[in-house]
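Have a look at the structure below, then the notes.
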Amino acid sequence: MPIEMGKEEYSKRLLYFYKYGNETEFFLNKLVELFNLRFAGDIIKFDYVALYPSHKKDQINANMVNLVTKFSKVTGLPYKQILRRNKDIKPSHELKTFEEKKENLKSSIDILEIVEGKNII
């Protein structure tokens, strides 16, 4: 049975999950549900799933790693970390303009392997 909630409540729950790891099973179920809704039976077959790094150099949110590892087991889609943050960046909410945000992100991600011809989610 889907849980109905407002965007604000969902966003709050998501923030707490990202920060503290609360409700992993809830977000795993939502992620699997969304994946199946969008990609079940699709002609595109994914090679693996990857995570976008946090804003700190060489860091990935541990709660997200836990979530995507469980997602990988449920879906059979391998988890492979192919993106690396190569420098600290400022959180977007601290920046005012598009130009500041663009400059902040510029050249901050390394792709750790050749991904040409791969389908990655």
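The values are calculated or read from the model by the stated rules, or taken from the named source; none is laboratory data. Since we're looking at a predicted model, the values are computed, not measured. All Cβ positions, even for glycine, are placed from backbone atoms using ideal geometry, and neighbour counts span all protein chains on display. Side chains included, ligands, DNA and RNA excluded: accessible areas come from the protein's heavy atoms. Shrake-Rupley method; radii C 1.70, N 1.55, O 1.52, S 1.80 Å.
Things to note:
- Total residues in region 43-78, condition surrounded by 15 or more Cβ atoms within 10 Å (Cβ to Cβ) and among the aliphatic types (A, V, I, L, M): 8
- Within region 27-69, being closer than 18 Å to Ile120 by Cβ, among the basic types (Lys, Arg) and touching a residue at least 12 places away in the same chain (Cβ under 8 Å) holds for one residue alone: Lys45.
- Looking across region 71-91, the residues that are over 25 Å from Thr24 (Cβ atoms) and either in contact with a His (Cβ under 9 Å, 6 or more places away or on another chain) or at pLDDT below 95 (or both) come down to Asp88, Ile89, Lys90.
Okay, residues lined up against (1) among the charged types (D, E, K, R); (2) out of contact with any Lys or Arg (no Cβ under 8 Å at 6 or more places or on another chain):
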{"residue": "Arg13", "(1), (2)": "yes, yes"}
{"residue": "Phe17", "(1), (2)": "no, yes"}
{"residue": "Tyr20", "(1), (2)": "no, yes"}
{"residue": "Thr24", "(1), (2)": "no, no"}
{"residue": "Glu33", "(1), (2)": "yes, yes"}
{"residue": "His55", "(1), (2)": "no, no"}
{"residue": "Asp58", "(1), (2)": "yes, no"}
{"residue": "Asn63", "(1), (2)": "no, no"}
{"residue": "Lys70", "(1), (2)": "yes, yes"}
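- Count of residues meeting criterion [among the aliphatic types (A, V, I, L, M), outside any strand (DSSP E or B) and open to solvent by less than 90 Å² (accessible area, probe 1.4 Å)] in region 79-121: 6
- Tally of residues being closer than 18 Å to Leu15 by Cβ, under 11 Å from the mean Cα position of the chain (by Cα) and aliphatic (A, V, I, L, M) across region 48-67: 5
- Scanning region 12-42 for residues that are open to solvent by less than 70 Å² (accessible area, probe 1.4 Å) and in a helix (DSSP H, G or I) yields a total of 11.
- Evaluation of Ile121 against the conditions (1) in contact with a strand residue (DSSP E or B) (Cβ under 8 Å, 6 or more places away or on another chain); (2) modelled with pLDDT under 95; (3) at positive phi shows that the sole unmet condition is (3).
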